[in-house]
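Worksheet: one structure, shown below.
Throughout, read-outs are computed from the coordinates displayed, never taken from laboratory work. Bear in mind the structure is a predicted one, so any value in this text is a computation, not a measurement. Quick reminder, even Gly has a Cβ in these numbers, built from the backbone with ideal geometry, and neighbours come from all protein chains shown.
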Amino acid sequence: MGKKRLRKEYEKPKKLWNKERIERESKLETEFGLKNARELWRMQTILRKIRREARTLLSKKGEATEHRSSGILDRVKTFLIRKQDATLDDVLSLDVRDILNRRLQTIVSRKGMAGTIKQARQFITHGHVAIAGKKITSPSYLVRFNEEDRVSWYKKTITMASQREESKELSVEESGDPKEVKAGKTQ
């Protein structure tokens, strides 16, 4: 067997130095904790391909078109659209934020497993996050709707410093010992 041919997974913008586009993309990068613009371009390319397929299916008719449209709808329902009676028009109304919200990094942050979106990325790349017991080290992994509730820690739970302080304060308040209260707050 020959070598696998590597292909770019994203399409660059036509005007690379467009100020409005760069500002818009930098806001999305900071909001979703993306490493660079290529990650955003990759998600935009995925969405662009899905929307392109939906547009071509809407313009055609026939039995093969119905089969292909049900295939694309099934694929989109597992990742992007939660409602079961979705149509191709719903696929066309998707935005890049919809696909960015389905990334593992965003879901870990939203579930409160990390203090910030950047910390969520670090936990994932260091191998602390799993889906159904399987370690996932890619922050850009697109989480299916049925996998979302199975996102958890890999092997051992990581508690952040703020959570540790809160649990110390709660345990000290329950014991009622003032010496422990002073010791707990000074650490």
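Side notes on the structure shown:
- For the residue pairs Lys12/Lys111; Lys49/Lys83; Lys4/Lys60; Lys27/Lys118; Lys8/Lys49, the C-alpha atoms sit more than 24 angstrom apart in Lys12/Lys111; Lys4/Lys60.
- Centroid-to-centroid separation of the stretch 112-133 and the stretch 1-61 [C-alpha atoms, Å]: 24 Å
- For Val129, the residues whose modelled amide H falls within less than 5 Å of its own, excluding neighbours fewer than 5 places apart on the same chain, are Ile136, Tyr154.
- Remark: the chain projects, on average over all directions, an area of 17.2 nm² (convex hull of Cα atoms).
- Here the spin labels are modelled as points 7 Å beyond Cα on the Cα-Cβ line, and at Lys60 and Arg21 they lie 2.9 nm apart.
- Mean projected area in nm² (Cα convex hull; one quarter of hull surface) for the stretch 45-92: 3.1 nm²
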